[in-house]
There are 4 protein chains.
Amino acid sequence: MSQSPVPSALTQFLTATAGRNMTKAAYLAVAIGVATMVMLTVNPAYEAAHWAGAVLWACLAFFAFEWVVRIRGSFRSGRPYLMTGRGLLDTAGVIAVPIALAAGAEPRTAWLLAVLWFVKVIPGIPGLRQLRRVLVLESGPLLSVLVLFLMVLFLGSVAEYFLERDAQPQTFANVPAALWWAVVTLTTTGYGDVVPITPLGRLVAAIVMISGLGVFGLWTGILATGFASETRRDNFLRTWESVSKVPFFANLGPSAIADVTHMLRTIDLPPRVTIIRKGQQGDCMYFIATGGVEVDLPGKKVQLGEGAFFGEMALLGNTLRGANVTTTRLSKLLVLDLVDFRLLMARHPDLAETIDAEAKRRALENE
Amino acid sequence: MSQSPVPSALTQFLTATAGRNMTKAAYLAVAIGVATMVMLTVNPAYEAAHWAGAVLWACLAFFAFEWVVRIRGSFRSGRPYLMTGRGLLDTAGVIAVPIALAAGAEPRTAWLLAVLWFVKVIPGIPGLRQLRRVLVLESGPLLSVLVLFLMVLFLGSVAEYFLERDAQPQTFANVPAALWWAVVTLTTTGYGDVVPITPLGRLVAAIVMISGLGVFGLWTGILATGFASETRRDNFLRTWESVSKVPFFANLGPSAIADVTHMLRTIDLPPRVTIIRKGQQGDCMYFIATGGVEVDLPGKKVQLGEGAFFGEMALLGNTLRGANVTTTRLSKLLVLDLVDFRLLMARHPDLAETIDAEAKRRALENE
Amino acid sequence: MSQSPVPSALTQFLTATAGRNMTKAAYLAVAIGVATMVMLTVNPAYEAAHWAGAVLWACLAFFAFEWVVRIRGSFRSGRPYLMTGRGLLDTAGVIAVPIALAAGAEPRTAWLLAVLWFVKVIPGIPGLRQLRRVLVLESGPLLSVLVLFLMVLFLGSVAEYFLERDAQPQTFANVPAALWWAVVTLTTTGYGDVVPITPLGRLVAAIVMISGLGVFGLWTGILATGFASETRRDNFLRTWESVSKVPFFANLGPSAIADVTHMLRTIDLPPRVTIIRKGQQGDCMYFIATGGVEVDLPGKKVQLGEGAFFGEMALLGNTLRGANVTTTRLSKLLVLDLVDFRLLMARHPDLAETIDAEAKRRALENE
Amino acid sequence: MSQSPVPSALTQFLTATAGRNMTKAAYLAVAIGVATMVMLTVNPAYEAAHWAGAVLWACLAFFAFEWVVRIRGSFRSGRPYLMTGRGLLDTAGVIAVPIALAAGAEPRTAWLLAVLWFVKVIPGIPGLRQLRRVLVLESGPLLSVLVLFLMVLFLGSVAEYFLERDAQPQTFANVPAALWWAVVTLTTTGYGDVVPITPLGRLVAAIVMISGLGVFGLWTGILATGFASETRRDNFLRTWESVSKVPFFANLGPSAIADVTHMLRTIDLPPRVTIIRKGQQGDCMYFIATGGVEVDLPGKKVQLGEGAFFGEMALLGNTLRGANVTTTRLSKLLVLDLVDFRLLMARHPDLAETIDAEAKRRALENE
């Protein structure tokens, strides 16, 4: 690779600025590409937009370029990008349209495959890992519900076919047609293109509909249950790391730290975000895990760094927020709600004293 | 403003009686205004109702007046009303119709904008803050589900367009039409105006429908989870204040107060509401946080003030309520359910003794 | 009343056997009456069934008789039956049809009011109190969701009316018609009789549909949250009474009793129900709160009365059930699940010893 | 039976290899049979597929054979197979089609009954016992919701019949037709074949639709609540057995074991499954309840047997997984999540020391 230093340097630069910026550009390209593809299928737009092909080719070129960069990066780091799910999806997005064109498909049809670019967004979805864990952990009950669903589907559609085929030989011509009716009914979609008309057929349909509600309810119940426990677990994991770094909590025993961790919520904030606005009603206090904030007191600005806390005044005296607080850099804060603040103070009186002393010291300083 | 004392006095009076009364009047005006606007769009009603225009103008005048009063109030208090969300909505409600009329729109069309008055109701919705907090805290997972929803939407509609465009060139003319089908299907609405008819198209549709159920279930699961924790938190916050004011709980330690707070529910009652009816089955007792009640004993009426409790007899002896109890003024009561009453008595035997002693004293007094 | 001893005696007898039997008869009469009424509206059935009128009159007579009996009972007991919700519903059921007939309505139309008899079933629904409490306690958030629902309804329908009235002057003729569309869409019913066809109209419709999902999810989340706490509370209340009557738990402190109560479930069983079947896998044990059971041991039958327990063998040794156990009279049993059995044994070792000793004694006896 | 040794030996062999293999074959036969039956109802396929009848008869023969084997097995074991629910379903599946053919039904119609084979899948559904327990335990509230559903159904359909019969004498011809409308509407299916058109009829329909949402929400709330408690219970039961067998937990007191059991999850794995992949982020550790695993360390393979644990390194140091771990035989593992690992270490410091010591020993060994 040493014979072509210019592209190599370019690639290096791109690899360096990759990650966040490249991802953002990719999202933009996905949005533009898919929108253009959708537009192309509308006849009047197709005839007017001669530039559309160029846009699509540009998006494809960008994805191809990103793909090459990632492959090179994977060679360097030794992690096989092409073997990961993401690599496969990216590869499909890059080669699908050219293959379709090469296979002789009409351009407009071939570009329909640009919808595959949409899956590039998946790895960027925030709570996806959480959702996947719920689906994996609850896969047993969810599968059971699916089998029940299929059973009602088959029993219902055969019954309906038997009852309706004489009255409506066209719409209930065979069991696959009845299965279509059953899916549309069980999911409570109800297009109305296939509807039973005999009294017995309607009775069976009513039972299928009510079963649909039941299946739905079970489905939701399972997901709600899984989600509740997953949310608690996820928050604990994200918070635990940070808690042990805050000196304030350092002299707590491990059991108390676990206790505290359950009470805190982690939030990540970019620089120059106003966390607290003067005059607002306060119902939580903040600990700085990483980063820093600026407190905008009358006449002076106080900097607080890692391990410091703020916002405790409003909780102690139930008054309004006394000053604006803004992040100065990318910060990870731990939020302690009023509810948990009080529980914590009740269980760990020494923490209460520390906060109280600090609050008094600050109040004195500001007089 | 001193040169026109009369309108100023009027304004002052209105500002003073504002808040509750003005809000009620505004709700009434919203209801009348929107109803009149809806009616105006019905042709026969339009021709008959010559008074409708006058009603709408009156509502608009009222809102304009309320708007001016609020702006003046905000000048006096120094809080910038026009910059708040509420101020912007109010402004839009006041100026939208006149602007539309000035821009040359037909009166009936311009008055359609009166529907914007509806948003004036938003700040008065009781549990709205709670709902918003759930949506904010769970925005991560909710967004993930939305992205999944969009992904199924796009993949499904492109697939369906590809499979159905030859069979139904009219209804599946382009991808936007297929997207319309996909939205109608994924939300399980199912109008039936666009329905796949090819076997493969129906298979894809079935998958889209079942995905719709899954998305729905995740959505509900997330909201249910968020709501459960928010409800607990909200109740704690509202109750904490009041608990510490009740002398009965004053000698508990902070940990026990947190414990008790989790057990109590706060209710706010206007004057002259009967809380307990003689002869009913009782399953809770009440502590008076603020306000007062009157116990209607045979032959005499006993007044109870802040810090007192009542309704404990039914819980101690599992008998029926012995007397009517009615609020005498605006009161905040703390409700202790039978379940929690027993748990509390078990954990804090001294409280049990206090209640027992008081109950005996009252029983003696009434003999 | 002394001058007519026969009807008085009849009434007394009926009052005595009232309650359970009369309620059952009333349910039967409701079922027969409503079914007959429904059938009467079908033309061929109407012409064939001359006996239908007689059946309906008989049902009405029964309800009128029941009504009179209840009024007499209420005079005797001093509780004003006619003023209660149930009394009003019963009165409406009795007088609605005669009034309609007297007012000159066609008999078939008048008998439609027989559907009011259905509400007589309400007080007999088992979990209704529980459902009502959930609705009352969660009325705040539910109302908020309803207001949000109405807001989306009005904003969506005015927007849709504005966008579609030119394209479909018939279906979107006025805002009430658009409101009909919005209700059908927001509830995801989707009849398909009113469907937007313009691109912008469809975009608004898509937003309305997705909002419909959100409203739905909030609704369900609120109800699920409310139901969870209500179920726990309800079970505690029903179980508490019984627990304190079982001598086995009597020497526990109040805190431990509250603990135990949370673990137990109450079930009410009629006589001659087989609770345990020999050879089944056992995962719970039973305490007899009231009533009695018969254990069908080889060669002899052992009677167990109030306060006794059984089914503990399967839990202690993880073996199969060793004998059939059948109720001998109406019994209230407390069920302790294997999970909670182990937790209980871990927390209260003395209980474990008692059960162990009893189990050994029984095993010896049966050898 | 001794006079025919060959079939008896065959039967014995089949009985021995029954269970898992026979069940798998039966699932395959169900899938093939039902698919063939569905295909037969499609006219072109019916004429082309002369082999279809043979396939169906083969499936039926297999089920008949399985049925006979099971009956013989039940004679030997003394457990009455034919009296169990499963036996009855199997019997129905075997005799339904022959009876229909014998009764003179057309073959294609008779084979429709092959859909009954589908119910053979029921006993194999994993989480079914759990689902059934939820439905049984929550049957009270679910029944209440069903009664409310029926009430809204009847009141709504009679009202709609009364309001719409003059405007649409065809579609709202009688109350059964209106009931059909009400079911389709309350379940939010909304076919659109029967739709109210009068203003009052639409108002009633709107109320019915919104009630449908409410019923749905209650239904889901009940199921979600029931599912949450059932999941916790089920996990506890499955895990308890295994925990007490792991020597690591053996010296904990019973209360601590109950505590630990609540934290662990049981998973069953077939042989040669890779549990941990080198380089992955680890967030749980594993205890081997039964079976064994192989740790693929650089240069050597370490076998771990029952009672051993692995995966603790990643949790202690928050680093990546250091080696592949694969099951060597059918294994039951207990999974301890990072969250619970920390809670456990906090509450039981002696466990923490044991794990720490073992981890250090292993690290030394591998140097």
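For region A:342-355, does any single residue satisfy the condition of being at negative phi, touching a Leu at 6+ places or on another chain (Cβ under 8 Å) and either more than 14 Å from chain B (Cβ to nearest Cβ) or among the acidic types (Asp, Glu) (or both)? Within region A:342-355 (the criterion being at negative phi, touching a Leu at 6+ places or on another chain (Cβ under 8 Å) and either more than 14 Å from chain B (Cβ to nearest Cβ) or among the acidic types (Asp, Glu) (or both)), the answer is no, since none of the residues qualifies.
When the residues of region D:200-215 are filtered to those that are facing chain C (nearest Cβ under 7 Å) and at pLDDT 90 or above, the one that is nearest to B:Gly217 (Cα to Cα) is D:Met209. Evaluate region C:154-167: report whether one residue or more is β-branched (Val, Ile, Thr) and under 25 Å from D:Glu230 (Cα atoms). No, because not a single residue in region C:154-167 is β-branched (Val, Ile, Thr) and under 25 Å from D:Glu230 (Cα atoms). Residues being touching a Gly at 6+ places or on another chain (Cβ under 8 Å) and without any contact (Cβ under 8 Å) to a residue 24 or more places away in the chain are represented in region B:142-163 by at least one member. Among the residues in region D:69-90, are any among the polar types (S, T, N, Q), part of a helix (DSSP H, G or I) and exposed (fewer than 14 other Cβ atoms within 10 Å of the Cβ)? Yes, that holds for at least one residue.
Scoring C:Trp180 on the criteria (1) more than 11 Å from chain D (Cβ to nearest Cβ); (2) part of a helix (DSSP H, G or I) leaves a single failure, condition (1).
Number of residues in region C:230-285 that are β-branched (Val, Ile, Thr) and assigned to a helix (DSSP H, G or I): the value is 6. Quick check on region D:263-275. Is at least one of its residues closer than 17 Å to D:Ala289 by Cβ, in contact with a helix residue (DSSP H, G or I) (Cβ under 8 Å, 6 or more places away or on another chain), touching a residue at least 12 places away in the same chain (Cβ under 8 Å) and away from chain A (no Cβ under 14 Å)? No, the conditions are met nowhere in region D:263-275. If you check B:Gly140, B:Gly156 for being small (Gly, Ala, Ser), at pLDDT 90 or above and either closer than 29 Å to B:Leu179 by Cβ or not assigned by TED's automatic domain parsing to the domain that holds B:Ala26 (or both), only one passes: B:Gly156. Taking A:Phe310 as the residue in question, decide whether it is within 30 Å of D:Leu351 (Cβ to Cβ) and more than 14 Å from every other protein chain (Cβ to nearest Cβ). No; evaluated as a whole, the condition is false for this residue.
The set of residues in region A:216-259 that are touching a residue at least 24 places away in the same chain (Cβ under 8 Å), aliphatic (A, V, I, L, M) and either within 16 Å of D:Phe341 (Cα to Cα) or within 8 Å of another protein chain (Cβ to nearest Cβ) (or both) comprises A:Leu218, A:Ile222, A:Leu223, A:Ala256. Among the conditions (1) under 23 Å from C:Val136 (Cβ atoms); (2) in a strand (DSSP E or B); (3) hydrophobic (A, V, I, L, M, F, W, C), B:Ala314 misses just one, which is (2). Among the residues of region B:188-201, those identified as surrounded by fewer than 21 Cβ atoms within 10 Å (Cβ to Cβ) and assigned to a helix (DSSP H, G or I) are B:Pro199, B:Leu200.
Does any residue of region D:131-154 turn out to be of a type in the set (S, T, N, Q) and either farther than 30 Å from D:Cys59 by Cα or in a loop (DSSP other than H, G, I, E, B) (or both)? Yes, region D:131-154 has at least one match. If the condition is being away from chain A (no Cβ under 13 Å) and either within 19 Å of D:Asp356 (Cα to Cα) or outside any loop (DSSP other than H, G, I, E, B) (or both), then region D:318-330 contributes D:Thr319, D:Arg321, D:Gly322, D:Ala323, D:Asn324, D:Val325, D:Thr326, D:Thr327.
Exactly one residue out of C:Gly226, C:Gly214, C:Gly221 is closer than 25 Å to B:Gln281 by Cβ, assigned by TED's automatic domain parsing to the domain that holds C:Val184 and in a helix (DSSP H, G or I): that is C:Gly226.
When D:Lys332, D:Lys245 are checked against the criterion of being among the basic types (Lys, Arg) and either at pLDDT below 80 or surrounded by fewer than 17 Cβ atoms within 10 Å (Cβ to Cβ) (or both), a single residue qualifies: D:Lys245. Only residues that are more than 9 Å from chain D (Cβ to nearest Cβ) and assigned to a helix (DSSP H, G or I) were counted across region A:158-176, and they come to 3.
For region C:97-113, the count of residues that are more than 30 Å from C:Thr41 (Cβ to Cβ), part of a helix (DSSP H, G or I) and either more than 11 Å from chain D (Cβ to nearest Cβ) or of a type outside the set (Lys, Arg) (or both) is zero.
Of all the listed residues (A:Gly292, A:Gly311), the sole one being in contact with a Leu (Cβ under 8 Å, 6 or more places away or on another chain), surrounded by 16 or more Cβ atoms within 10 Å (Cβ to Cβ) and either touching a residue at least 24 places away in the same chain (Cβ under 8 Å) or not assigned by TED's automatic domain parsing to the domain that holds A:Glu358 (or both) is A:Gly292. If the condition is being closer than 30 Å to D:Arg165 by Cα, touching a residue at least 40 places away in the same chain (Cβ under 8 Å) and touching a Ser or Thr at 6+ places or on another chain (Cβ under 8 Å), then region C:38-89 contributes C:Leu56, C:Cys59.
Where residues in region A:132-141 are surrounded by fewer than 22 Cβ atoms within 10 Å (Cβ to Cβ) and not basic (Lys, Arg), which of them is farthest from the other protein chains (Cβ to nearest Cβ)? Top of the filtered list is A:Val136. A Cβ distance below 8 Å, combined with a sequence gap of six or more or placement on separate chains, defines the contacts here; from region A:331-348, residues that are outside any strand (DSSP E or B) reach residues that are modelled with pLDDT under 75 and among the hydroxyl-bearing types (Ser, Thr, Tyr) in the pairs A:Ala346/B:Ser255; A:Arg347/B:Ser255.
The values are calculated or read from the model by the stated rules, or taken from the named source; none is laboratory data. Just so we're clear, the structure is a prediction, and the values are computed from it rather than from any experiment. For neighbour counting, all protein chains shown are included, and Cβ atoms are generated from backbone atoms with ideal geometry for every residue, glycine included.
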